[in-house]
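Asker: Here it is: the structure, laid out below.
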Number of protein chains: 2
Amino acid sequence: MKINQYIPAIDWISDYGSTQLKGDLTAGLTVGIMLIPQGMAYAMIAGLPPIYGLYASTLPLIIYALLGTSRQLAVGPVAMVSLLTATGIGAMAEADSESYISLAIALALIVGLIQFLLGAFRLGFLVSFLSHPVISGFTSAAALIIGVSQLKHLLGIKLSGGHRVHEIIIEAIQQINQIHLPTFLLGIGGIVLIVVLKMINRRIPGLLIAVFLAILVVWVFNLAETGVSIVGSVPQGLPSLQWPGLEMSTVGALMPTALAIALVSFMESYAVAKAIQSKHKDYKIDANQELVALGLANIGGATFQSYPVTGGFSRTAVNDEAGAKTGMASLVSALLIILTLLFLTPLFHFLPNAILASVIMVAVFSLIDVKEIKHLWRTNRYDLAMLIVTFVATLILGIEQGIALGVILSLAIIIWKTTRPHVAELGQVPGTEFYRNIKRFKQVKAKRDLLIIRFDAQLYFANIGYFRDQLEEMISTKGDELKAIIINAESINSIDSTAMHALEGIVKELRGRSIEIYMSGVIGPVRDALVKTNLLDLIGEKNFFMSVHDAVEYHESPTSQGSTHKDITLQSNVQE
Amino acid sequence: MKINQYIPAIDWISDYGSTQLKGDLTAGLTVGIMLIPQGMAYAMIAGLPPIYGLYASTLPLIIYALLGTSRQLAVGPVAMVSLLTATGIGAMAEADSESYISLAIALALIVGLIQFLLGAFRLGFLVSFLSHPVISGFTSAAALIIGVSQLKHLLGIKLSGGHRVHEIIIEAIQQINQIHLPTFLLGIGGIVLIVVLKMINRRIPGLLIAVFLAILVVWVFNLAETGVSIVGSVPQGLPSLQWPGLEMSTVGALMPTALAIALVSFMESYAVAKAIQSKHKDYKIDANQELVALGLANIGGATFQSYPVTGGFSRTAVNDEAGAKTGMASLVSALLIILTLLFLTPLFHFLPNAILASVIMVAVFSLIDVKEIKHLWRTNRYDLAMLIVTFVATLILGIEQGIALGVILSLAIIIWKTTRPHVAELGQVPGTEFYRNIKRFKQVKAKRDLLIIRFDAQLYFANIGYFRDQLEEMISTKGDELKAIIINAESINSIDSTAMHALEGIVKELRGRSIEIYMSGVIGPVRDALVKTNLLDLIGEKNFFMSVHDAVEYHESPTSQGSTHKDITLQSNVQE
């Protein structure tokens, strides 16, 4: 029981059979074939030699297959994380250089540590705070940045390496007469081929076909000599065990990027994993175990020359469609990459960078979410504004500033929403013992001398001020006739010390104005907290009631005691 | 009507009379007399020449008196903000130097701009997110740091200027044989005198008496020549109009400190203002107008050589106790300081720094909140842990790191709480049309084929995942007998696009499993949102009901239509 939690793979290994194997083999091979060009292309986004994309497609896949809770998630290099890697360490070292590579690997280690610790301390809930429009705006902008950043490879020109879309486009236009025609034709040809093959049949491995055709063309026509930029000699063999060197100053400098990657990559991965899981139901996704698994995949990967990886959107979808049943599919994919590294790397010598740019451009184009913009235009302009602000900020200010803004916007909304829960004034439903929102039902009327309120949230520091303000407003609306207030506390499932202090102040102040306080439906833990702080004594135990009706009856016949009600229909059950 | 909102002082000016004047005069003079020593002492905490504490006690008080919504809040230099000023700019320039002074003034300008903009954009709600234990832990640690930082003045020794308590104490102990005895005796004598006078009668201006006695002693016994450090020549006259020079690089460097001060100073000020207001009731506190008023007080102050100010805890309490009725009291205090600057500054030549240290130590000692620690120990260990973590982090890591940790801790709790609202499964109260939480009432039972749930929060990106998880868990508990789900949406007062997407997915998936979805009590704005996104059509308009009972009846006689219920007791009222 216990070990399954830490190594979820045990669940599927224990009853693994030929049914699963068939699906896993097909899916694993399909994804592996997709991974070869994608891995190399995404490494290029990250500013790394393409082979590092393959290194990142070995050990991390194996680790995730064993420790992850999703059975279809395809882990490996992804476009967004590669872009974040490039922007983060681009300012610290020259792309492709020794120190650049070791920074990218150190980054994987730090990202992995952050994710592992978040998972180990059960802090997975923290990442549920980014709103969908913010993520969508950010993703679209990042996709645009990635696409535009590949212009240099597609056009065969040199660009200064900025990460702002308008700067890159202006630079590219200025160099329009320096476009290298063979490169450009290869790149455009690649894009057209991939798109057309995809339209004919989604099962055709278009990426791989484009890559091998391009290699063939470059080799046969000797295009490298005309100036087509090629990958060149690729080291053969598996990545080697190298513990990434980490100085404190490096850790500090990489930290903002690492935090951004840890957050963004987990959110992407978790969202995909949940979406796929909802189609299967034979297992559950656990956010904290996902963090642990991705964290260890990154840590383990970093010790074997891998840069940051995560669960990717497109490959996971393909994996699932191709019939993946368990993590075995990922093991098959990893094996294919390992075989490629061992035997096929000489083939990649003539691989033109332009075709990798084609692979990237086709992949990121689908991330630009125009449909969501149209949808929000019709349904929720407020969320649309958030999407656009994040989109524009990411394009103009930069990718990390875009994330930071998205985080701040989302937190601001959470604070706004959480500080303003629903508060209702209740009145009696005629002829019954029940009390409902006076604003919502015609027959329900409030009394002049009695205020019954229901606060639909736990009471704590973030909303106690709002609670007090609302209460004051309702009291002043009632005017001088008000004799008593009943707080229906059924929805209040916890109360913290800040709220308790405030409540004490409110009760004392109302007593000073001769307004009695009753509480109804107070649940177990809240009652315990009231006892500990003596607030129960302050309010008076006789002023606590099971239901609003009991409190109203008591209030209207003040000589009677709580125990003498004619009709106590509701009895307390287990205290939650 | 409108202008009162921007200049709240108009409200009290319009019916100002001798009753108010009497209280305001007494209070204004009392606070002014307190401000002279406190202002100079707090400037010393900030690393500024004492006279700058008096400068900061002129124009800002006048601006706040006119624009602030509190009528008793005493604005001016406070200990915490002074400490933040010192830690923030201490690394950028030498204390007391020209450039240090101009940085402190530039800081006031930036703090003012931040506060003004937050208020102008109605973002005052954002500052309600710090939890009380976090503030308490931070305040106690800051008080300790401030107290210990004055050891050098109290002992007449030189310290290297660190801001960590243990470092300062170790350094002080190492220099124990260099203590300057006359300085030490003056300082200790000052502390004893202030405390004793306070114990005899809180109305005695103990601070001022101690200050003038100390000046007298230093002058008569010529103590300055024995090495007692004195304030020295103090420029006479009012602060002059000097627009603070601001380069972009300076703004960037000051920004973290400015944000911390803007946040902490507003929270202190707002908390005090609210506490005092609750005793008066003849006016209201508006968070956004408070931000505007404090912001303009800082901006205006900065143009007349003032460093950051805010509403202070102790002087506001004294102001109120002494009978302040309106902002006139603050105008009187400001006038007293102006007269002091014009005529009395030569008196301060012989003022020993040690007595200012006494003033500070007595003031900050009361900020160390041992009572709250004891209280939380008995009532809420979880909140106590937060307090202690913030306290220790502030002491060990530093004051700005302490704030940052407090902010992160508070946000983490908000996210935790807001992502986990109260969800209840409802069942019918026998013999009635009403439905209550099955966990809380004995007679209320759930049915096997029907799940009725109530979600006590607005549905949005931060909690939609929790909503789905809870729903799934309840569904799997019900098992295969489940035929329909009724979502009681009475407490859901808004729904965003992320939640809408998820809801669509949930409905489609449940349909796929032949589980019918009903919604009851959906309120106006949520219904509008459902219409816009076609979710109303997807669920089916006939599946929407006013009450849970209507939905249950419909479900149990599936041939009947919503309009043919025997007994529709509740009719819709105005749509909220």
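Asker: Take the range A:442-453 and flag every residue that is within 9 Å of another protein chain (Cβ to nearest Cβ) and either buried (at least 20 other Cβ atoms within 10 Å of the Cβ) or of a type in the set (Lys, Arg) (or both).
Answerer: Selection gives A:LYS442, A:VAL444.
Asker: Related question: In the range A:274-294, is there at least one residue being hydroxyl-bearing (Ser, Thr, Tyr) and within 30 Å of A:GLY189 (Cβ to Cβ)?
Answerer: Within the range A:274-294, not a single residue is hydroxyl-bearing (Ser, Thr, Tyr) and within 30 Å of A:GLY189 (Cβ to Cβ).
Asker: What are the pairs, 6+ residues apart or on separate chains, where a residue within the range A:493-511 that is modelled with pLDDT of 85 or more has its Cβ under 7 Å from a residue that is of a type in the set (Gly, Ala, Ser) and surrounded by 23 or more Cβ atoms within 10 Å (Cβ to Cβ)?
Answerer: Listed pairs, sorted by first residue: A:THR498/B:SER131.
Asker: Would you confirm whether or not the range B:274-281 contains a residue that is surrounded by fewer than 24 Cβ atoms within 10 Å (Cβ to Cβ), assigned to a helix (DSSP H, G or I), touching a Leu at 6+ places or on another chain (Cβ under 6 Å) and not aliphatic (A, V, I, L, M)? Spell out the reasoning first.
Answerer: First pass over the range B:274-281, keeping only residues surrounded by fewer than 24 Cβ atoms within 10 Å (Cβ to Cβ): B:274-281.
Now narrow it down to the ones that are assigned to a helix (DSSP H, G or I): B:274-280.
Now drop any that are not touching a Leu at 6+ places or on another chain (Cβ under 6 Å), which leaves none.
Checked the range B:274-281: no residue is surrounded by fewer than 24 Cβ atoms within 10 Å (Cβ to Cβ), assigned to a helix (DSSP H, G or I), touching a Leu at 6+ places or on another chain (Cβ under 6 Å) and not aliphatic (A, V, I, L, M).
Asker: Out of curiosity, is A:ILE36 crowded, with 20+ Cβ neighbours inside 10 Å, at pLDDT 90 or above and more than 27 Å from the chain's Cα centre (by Cα)?
Answerer: Here the answer is no, as A:ILE36 does not meet what is asked.
Asker: Another question about this same structure. Out of the range B:245-289, which residues are hydroxyl-bearing (Ser, Thr, Tyr) and in contact (Cβ under 8 Å) with a residue 12 or more places away in the chain?
Answerer: B:THR250, B:THR257, B:SER265, B:SER269, B:TYR270, B:TYR283
Asker: Right, another one. So which residues in the range A:405-420 are crowded, with 18+ Cβ neighbours inside 10 Å and facing another protein chain (nearest Cβ under 7 Å)?
Answerer: Passing the criteria: A:LEU411, A:ILE414, A:ILE415, A:LYS417, A:THR418, A:THR419.
Asker: Continuing with the same structure: Return the only residue of B:ALA297, B:ALA302 being out of contact with any strand residue (DSSP E or B) (no Cβ under 9 Å at 6 or more places or on another chain) and of a type in the set (Gly, Ala, Ser).
Answerer: The conditions single out B:ALA302.
A quick yes/no check of all residues on (1) in a strand (DSSP E or B); (2) over 26 Å from A:ALA424 (Cα atoms); (3) assigned by TED's automatic domain parsing to the domain that holds B:ALA551:
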site: B:SER491; (1), (2), (3): no, no, yes
site: B:ALA499; (1), (2), (3): no, no, yes
site: B:LEU503; (1), (2), (3): no, no, yes
site: B:LEU510; (1), (2), (3): no, yes, yes
site: B:TYR518; (1), (2), (3): yes, no, yes
site: B:VAL522; (1), (2), (3): no, no, yes
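Asker: Take the range A:396-418 and flag every residue that is polar (S, T, N, Q) and without any contact (Cβ under 8 Å) to a residue 40 or more places away in the chain.
Answerer: Taking the range A:396-418 as the starting set, the residues that turn out to be polar (S, T, N, Q) are A:401, A:410, A:418.
Across the range A:396-418, the qualifying residue is only A:GLN401.
Asker: Let me confirm something: among A:ALA385, A:ALA393, which residue is without any contact (Cβ under 8 Å) to a residue 12 or more places away in the chain and farther than 15 Å from A:ILE209 by Cα? Spell out how you get there, then give the answer.
Answerer: Numbers: A:ALA393 fails: without any contact (Cβ under 8 Å) to a residue 12 or more places away in the chain.
That would be A:ALA385, the only listed residue that is without any contact (Cβ under 8 Å) to a residue 12 or more places away in the chain and farther than 15 Å from A:ILE209 by Cα.
Per-residue answers, yes or no, for (1) of a type in the set (Phe, Trp, Tyr); (2) surrounded by fewer than 20 Cβ atoms within 10 Å (Cβ to Cβ):
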| residue | (1), (2) |
| --- | --- |
| B:SER514 | no, yes |
| B:GLY524 | no, yes |
| B:ARG527 | no, yes |
| B:LEU530 | no, no |
| B:GLY540 | no, yes |
| B:PHE544 | yes, yes |
| B:ASP550 | no, no |
| B:TYR554 | yes, no |
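Asker: Conditions first: (1) at pLDDT 90 or above; (2) crowded, with 24+ Cβ neighbours inside 10 Å. B:LYS22 passes all but one, so which condition is the exception?
Answerer: (2)
Asker: Continuing with the same structure: Looking only at the range B:537-576, how many residues end up being at pLDDT below 50 and within 14 Å of chain A (Cβ to nearest Cβ)?
Answerer: The qualifying residues number 10.
Asker: Within the range B:188-241, which residues are over 16 Å from B:PRO346 (Cβ atoms), in contact with a strand residue (DSSP E or B) (Cβ under 9 Å, 6 or more places away or on another chain) and not in a helix (DSSP H, G or I)?
Answerer: Answer for the range B:188-241, where residues must be over 16 Å from B:PRO346 (Cβ atoms), in contact with a strand residue (DSSP E or B) (Cβ under 9 Å, 6 or more places away or on another chain) and not in a helix (DSSP H, G or I): B:VAL228, B:SER229.
Asker: Name the helices (runs of 4 or more DSSP H) wholly within the range B:94-164 that hold at least 3 residues that are more than 27 Å from the chain's Cα centre (by Cα)?
Answerer: Hits in the range B:94-164: B:98-120, B:151-155.
Asker: So, B:LEU83, is that one buried (at least 20 other Cβ atoms within 10 Å of the Cβ), part of a helix (DSSP H, G or I) and touching a residue at least 24 places away in the same chain (Cβ under 8 Å) or not?
Answerer: Judged against the criteria, B:LEU83 is a match.
Asker: Of the residues that sit in the range A:366-388 and are away from chain B (no Cβ under 14 Å) and surrounded by 14 or more Cβ atoms within 10 Å (Cβ to Cβ), which one is modelled with the highest pLDDT?
Answerer: Across the range A:366-388, the extreme among qualifying residues is A:ILE368.
Asker: Can you go through B:LYS2, B:LYS22 and tell me which one is under 24 Å from B:ALA317 (Cα atoms) and basic (Lys, Arg)?
Answerer: Unique residue meeting the criteria: B:LYS22.
Asker: Here's another thing I want to ask about it. Hey, among A:SER97, A:SER160, A:SER140, A:SER136, which residue is surrounded by 19 or more Cβ atoms within 10 Å (Cβ to Cβ), modelled with pLDDT under 90 and either farther than 30 Å from A:VAL251 by Cβ or not hydrophobic (A, V, I, L, M, F, W, C) (or both)?
Answerer: Of A:SER97, A:SER160, A:SER140, A:SER136, the one residue that is surrounded by 19 or more Cβ atoms within 10 Å (Cβ to Cβ), modelled with pLDDT under 90 and either farther than 30 Å from A:VAL251 by Cβ or not hydrophobic (A, V, I, L, M, F, W, C) (or both) is A:SER136.
Asker: OK, next. Cβ-Cβ under 7 Å, sequence separation 6+ or interchain: first residue in the range A:297-319 and on the phi > 0 side of the Ramachandran plot, partner at pLDDT 90 or above. Which pairs?
Answerer: Filtered contacts from the range A:297-319: A:GLN305/A:TYR52; A:GLN305/A:TYR55; A:GLN305/A:ILE105; A:GLN305/A:PRO239.
Asker: Moving to a separate point now. Would you mention how many residues in the range A:510-522 are within 10 Å of chain B (Cβ to nearest Cβ) and touching a Ser or Thr at 6+ places or on another chain (Cβ under 9 Å)?
Answerer: The number of residues fulfilling the criteria is 1.
Asker: Something else about it: Looking at the range A:490-509, can you tell me whether even one residue there is surrounded by fewer than 20 Cβ atoms within 10 Å (Cβ to Cβ), away from chain B (no Cβ under 13 Å) and over 20 Å from B:LYS279 (Cβ atoms)?
Answerer: No, the range A:490-509 contains no residue that is surrounded by fewer than 20 Cβ atoms within 10 Å (Cβ to Cβ), away from chain B (no Cβ under 13 Å) and over 20 Å from B:LYS279 (Cβ atoms).
Asker: Further question on the same structure: Which one of B:ALA424, B:ALA404, B:ALA412 is of a type in the set (A, V, I, L, M) and under 30 Å from B:ALA484 (Cβ atoms)?
Answerer: Values: B:ALA404 fails: under 30 Å from B:ALA484 (Cβ atoms); B:ALA412 fails: under 30 Å from B:ALA484 (Cβ atoms).
None of the others qualify; the one that does is B:ALA424.
Asker: On to the next question. For the structure I just gave you, tell me whether B:LEU339 is out of contact with any Gly (no Cβ under 8 Å at 6 or more places or on another chain), farther than 28 Å from B:SER149 by Cβ, assigned by TED's automatic domain parsing to the domain that holds B:VAL81 and aliphatic (A, V, I, L, M).
Answerer: In short, yes.
Asker: Kindly indicate whether any position in the range B:422-434 is buried (at least 16 other Cβ atoms within 10 Å of the Cβ), among the acidic types (Asp, Glu) and away from chain A (no Cβ under 11 Å).
Answerer: The answer is yes; a qualifying residue exists.
Asker: Moving to a separate point now. Do we have A:LEU54 as surrounded by 24 or more Cβ atoms within 10 Å (Cβ to Cβ), under 21 Å from A:LEU356 (Cβ atoms) and touching a helix residue (DSSP H, G or I) at 6+ places or on another chain (Cβ under 9 Å) here?
Answerer: yes
Asker: Testing B:TYR466 on (1) touching a Pro at 6+ places or on another chain (Cβ under 8 Å); (2) more than 7 Å from chain A (Cβ to nearest Cβ); (3) under 22 Å from A:VAL522 (Cβ atoms), one condition comes back false. Which one is that?
Answerer: All conditions are met except number (3).
The values are calculated or read from the model by the stated rules, or taken from the named source; none is laboratory data. Worth saying up front: this structure is predicted, and the values here are computed from it rather than measured. We place every Cβ from the backbone using ideal geometry, glycine too, and count neighbours over all the protein chains shown.
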